[in-house]
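Peer 1: Before I ask anything, here is the structure I am working with.
The values are calculated or read from the model by the stated rules, or taken from the named source; none is laboratory data. Small disclaimer: the values here were computed from a predicted structure and weren't measured. Note that we place each Cβ from the backbone using ideal geometry, even for glycine, and neighbour counts take in every protein chain shown.
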Amino acid sequence: MKNRLTARLAPAFTLATAIVALSACSSTGSDNMAEAPPPPPSMEPSCGADQLAAYVGQPASDEAIAAITAWRGGKPMRVLKPGTAVTMDFRPDRLNVQVDEQGKIKGFTCT
């Protein structure tokens with residue numbers, strides 16, 4: 001009878017031994033954990049619209065537009081006056097200078 005009991009308990013004992021052995025391999029502390037990689041940088045390029053707030057409310061003069069163009073360094077830009085036809089293509093690196101009916105800069109967007 002002892003042999004039959006041993007034969008029946010052997011698989012359970014083997015499984016329990018394996019679980020104990022494997023649990024010794026796992027780590028619960030932060031000492032052994034590799035640091036998570038940093039998130040990837042934003043894939044959405046910025047056109048710099050958030051850096052031009054000082055121009056909002058100013059006249060969209062040739063000098064102001066030239067200064068913004070020079071600051072952009074040849075990157076794509078367009079001046080949008082009321083009634084200006086625009087394409088609907090999405091270019092997140094392109095700066096749009098929005099001008100109101102009085103000829104003042106009312107804002108900037110990236111498209």
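Peer 1: Go through the residues of region 92-109 one by one and say whether even a single one is surrounded by 15 or more Cβ atoms within 10 Å (Cβ to Cβ), hydrophobic (A, V, I, L, M, F, W, C) and in a loop (DSSP other than H, G, I, E, B).
Peer 2: No, that holds for no residue.
Peer 1: May I pose another question? With respect to V56, determine if the residue is β-branched (V, I, T), surrounded by 10 or more Cβ atoms within 10 Å (Cβ to Cβ), at pLDDT 95 or above and touching a Lys or Arg at 6+ places or on another chain (Cβ under 9 Å). Break it down stepwise before answering.
Peer 2: On the way: β-branched (V, I, T): yes; surrounded by 10 or more Cβ atoms within 10 Å (Cβ to Cβ): yes; at pLDDT 95 or above: yes; touching a Lys or Arg at 6+ places or on another chain (Cβ under 9 Å): yes.
Judged against the criteria, V56 is a match.
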